[in-house]
Amino acid sequence: MPRILIVEDEPAIAESLAYALRRDGFDIAQAPTVRQARASLEGVELVLLDLMLPDGSGFDVLHEARRSKQGPAVIVLSSRDDEADRVAALETGADDYVTKPFSPREVVARVRAVLRRAGAREEAPPAAAPDRCITVDEPTRRASVHGHALELTRVEFDLLACLLSAPGRVFTRAQLIDRVWGDGFAITDRTIDSHVKALRRKVVDAGGDANMIETVRGVGYRISDDPAG
């Protein structure tokens, strides 16, 4: 079974999560500090990460996990539920964000959902726009424009991969939220628009055409299926 690292300094919370996950068959490791967490990432498939730790910020652990293309998935656990905090964590590379207090059963369900998405990404073949100027390879988490590498956040990569999975198809904002974040996220339309705007900017900076990612007003977004466009 997948190995889960619980990074939480409150013993009661850590133990309740560990009990629920072990009962569901997961292999568990625990780390109450940033230092111990960074030393325990090897061989871990998912991290449950508290952002407020006694020796530093959980963002340090998140950055460490994101240094490798094949690094573990990360679900942030936080008592802060402001949209700005959610966006900051997701843009840094978190796969999910759960606010305290929470039910251990809910966390187990989210763990399974994130691992399912990660498994689906590993099996997916490379996707590309019709003229192949934009490509993504989900197993390696690499994206490029005209052969030039794109440096994308996890959310930007997943948005691009979703759009490229069906060139010409319009994905509503609700569908993008479901594909990229999963059920249970209170993501606003403005948040989606901000991510797409940042993605377009990076495509242009790499030599691509901003019009490749089209806005369908009042609906959502799509990848152009017209190579001449």
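Spin-label point model (7 Å from Cα, Cβ direction): what's the Asp24 to Arg38 distance in nm?
According to this spin-label approximation, the distance is 2.9 nm.
Starting from 0.36 nm per residue, how many nanometres of slack lie between Glu10 and Val170 once their C-alpha separation is accounted for?
Numbers: separation 160, 0.36 × 160 = 57.60 nm, distance 4.42 nm.
My answer for the length gained is 53.2 nm.
With contacts defined as alpha carbon pairs under 8 Å and 6 or more residues apart, what's the relative contact order of the stretch 3-121 in percent?
That works out to 23 percent.
Using Cβ contacts closer than 10 Å as the measure, can you line up Val216, Val145 from fewest to most?
Numbers: Val216 11, Val145 20.
With the fewest neighbours first, Val216, Val145 line up as Val216, Val145.
Using Cα extents along the principal axes in Å as the read-out, say which of (1) 58, 43, 27; (2) 59, 33, 31; (3) 71, 47, 30 was calculated from these coordinates.
Calculated Cα extents along the principal axes in Å: the matching label is (2).
Can you tell me the 0 to 90 degree angle between the C-alpha axis of helix 154-164 and the longest principal axis of the chain, rounded to 10?
The helix 154-164 is inclined about 40 degrees to the chain.
From the helices alone, meaning DSSP H stretches of at least four residues, give me the mean residue ellipticity at 222 nm for the chain, per-run term -39500 (n - 2.57), in deg cm²/dmol to the nearest 500. Display every interim value, and only then the final one.
On the way: 8 runs with 93 residues, N = 229.
Dividing the helical sum by the residues of the chain leaves -12500 deg cm²/dmol.
Projected area of the stretch 3-121, taken from the Cα convex hull and averaged over every viewing direction, in nm²? Display every interim value, and only then the final one.
Values: hull surface 26.4 nm².
So the Cα hull casts an average projection of 6.6 nm².
For Asp60 and Val204, FRET efficiency with R0 = 45 Å and r from the beta-carbon atoms, rounded to 0.05? Don't skip to the answer; put the middle values down first.
Numbers: r = 31 Å, r/R0 = 0.70.
The formula returns an efficiency of 0.90 here.
Considering only DSSP beta bridges whose two residues both sit in the chain, what percent are antiparallel, to the nearest 5? Each step should come with its number before you reach the end.
Numbers: 17 of 35 bridges.
Percent antiparallel among DSSP bridges in the chain is about 50.
Which residue fluctuates the most in the chain, going by a Gaussian network model with Cα springs under 10 Å, if the choices are Gly25, Gly71, Gly208?
Top of the fluctuation ranking is Gly25.
Give me Glu91, Glu42 ranked fewest to most by other Cβ atoms within 10 Å of their Cβ, as a rough exposure proxy. Before the final figure, lay out the partial values.
Values: Glu91 16, Glu42 9.
Taking fewest neighbouring Cβ atoms as first place, the list is Glu42, Glu91.
Using the Cα centre of the stretch 3-121 as origin and beta-carbon charges of +1 (Lys, Arg) and -1 (Asp, Glu), tell me which of Ala73, Ala18, Val98 is placed farthest towards the positive end of the dipole.
Going by the Cα projections, it comes out as Ala73.
Fewest first, what order do Arg222, Arg201 take by the number of other Cβ atoms within 10 Å? Don't jump to the answer; show the numbers that get you there.
Numbers: Arg222 18, Arg201 11.
Going from least to most buried by this count: Arg201, Arg222.
Quick note: the coordinates plus some simple rules give every number you see, no bench work behind them. Being a predicted model, the structure only gives us computed values, none of them experimental. No Cβ is skipped: glycine too gets one built from the backbone with ideal geometry, and neighbour counts run over all protein chains shown.
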